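Below is one structure, written out as structure tokens, with a few remarks after it.
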Amino acid sequence: MVKHRTWPTLFDECKRIELSYLWKRYAMWMPQHRKMSLAWTCCGRPAGNIDLIIDTREMYIELDYRFGDEPRHYRVQLVSVPSNLGKGRIWYFLCPQTSKRCRILYGVEGWFFHRSAFRWCCYDRQTLSKQYRLLDYTIFPRQIEINEQLRKCRKTYRGKPTRRYQNLIRRLGKCDDMQRAISRSWAGLLQK
């Protein structure tokens, strides 16, 4: 009898098709019918490729590739909704499996679908225990990432701090609080 694997598939390691990449690279805001190809690499070696047909007039993307020896060919609809700012529209893929809107299609088990279509898949961070997550905050602090974002973001608008700036400051404070709590707990352990 075959033993099933016990580790999950990680979305961080999967091939994926991102709408933002296609939007920037292939000017999807213009009505067009275009054939193109995407290729993935792993450690400098080819890890797969896929042929796409983007049709923004009829609002679909056609995927054509091979998984093992099996050819796969199907369409993913494109949908757009009005922006909450009242300017323009926000584009999404419409997953053929779940009918959910998404901006990233993950390639798991040979299919490119919304992440909820796959069971036993998760992000790398979700596989860590609570203790390791806590250590992750101390050993690899998020402060570096937050400070990088702080340098790039706009701090004020019309004399008031922006929401993004306030959110980043709040996140930075949480990192500091967590590091203080961990250092207190370590000091308590060392005194015993």
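Scan the stretch 125-136 and report the pairs whose first residue is farther than 20 Å from Arg184 by Cβ and whose second residue is of a type in the set (Lys, Arg) and at pLDDT below 75, with Cβ atoms within less than 9 Å and a gap of 6+ or a chain change.
Arg125/Arg133
For residues that are of a type in the set (Ser, Thr, Tyr) and either under 14 Å from His33 (Cα atoms) or in contact with a Leu (Cβ under 7 Å, 6 or more places away or on another chain) (or both), scanning just the stretch 52-91, find the one that is surrounded by the fewest Cβ atoms within 10 Å (Cβ to Cβ).
Here is the first cut: in the stretch 52-91, the ones of a type in the set (Ser, Thr, Tyr) are 56, 60, 65, 74, 80, 83.
Still in the list and also either under 14 Å from His33 (Cα atoms) or in contact with a Leu (Cβ under 7 Å, 6 or more places away or on another chain) (or both): 56, 60, 74.
Working: Thr56: 19, Tyr60: 15, Tyr74: 13.
The selected residue is Tyr74.
Of the residues that sit in the stretch 8-30 and are part of a loop (DSSP other than H, G, I, E, B) and modelled with pLDDT under 75, which one is farthest from the chain's Cα centre (by Cα)? Steps first, answer last, please.
Going residue by residue through the stretch 8-30, those that are part of a loop (DSSP other than H, G, I, E, B) are 8, 14, 27-30.
Then drop every residue that is not modelled with pLDDT under 75, which leaves 27-30.
On the way: Ala27: 21, Met28: 20, Trp29: 22, Met30: 25 Å.
By that ranking, first place goes to Met30.
May I ask you to verify whether Ile90 is more than 20 Å from Phe112 (Cα to Cα), touching a strand residue (DSSP E or B) at 6+ places or on another chain (Cβ under 9 Å) and modelled with pLDDT of 85 or more?
Values: more than 20 Å from Phe112 (Cα to Cα): yes; touching a strand residue (DSSP E or B) at 6+ places or on another chain (Cβ under 9 Å): yes; modelled with pLDDT of 85 or more: yes.
Yes, satisfied.
When you go through (1) small (Gly, Ala, Ser); (2) surrounded by 13 or more Cβ atoms within 10 Å (Cβ to Cβ); (3) within 30 Å of Cys175 (Cα to Cα) one by one for Ser129, which number turns out not to apply?
Here Ser129 clears every test but (2).
Looking at Arg151, Arg103, Arg171, Arg115, which one is of a type in the set (Lys, Arg) and either modelled with pLDDT under 80 or surrounded by fewer than 13 Cβ atoms within 10 Å (Cβ to Cβ) (or both)? Steps first, please.
On the way: Arg103 fails: either modelled with pLDDT under 80 or surrounded by fewer than 13 Cβ atoms within 10 Å (Cβ to Cβ) (or both); Arg171 fails: either modelled with pLDDT under 80 or surrounded by fewer than 13 Cβ atoms within 10 Å (Cβ to Cβ) (or both); Arg115 fails: either modelled with pLDDT under 80 or surrounded by fewer than 13 Cβ atoms within 10 Å (Cβ to Cβ) (or both).
From the options Arg151, Arg103, Arg171, Arg115, the qualifying one is Arg151.
The values are calculated or read from the model by the stated rules, or taken from the named source; none is laboratory data. These numbers were taken from a predicted model, which means no experiment stands behind them. Every residue, glycine among them, receives a Cβ derived from its backbone with ideal geometry; neighbour counts consider all protein chains shown.
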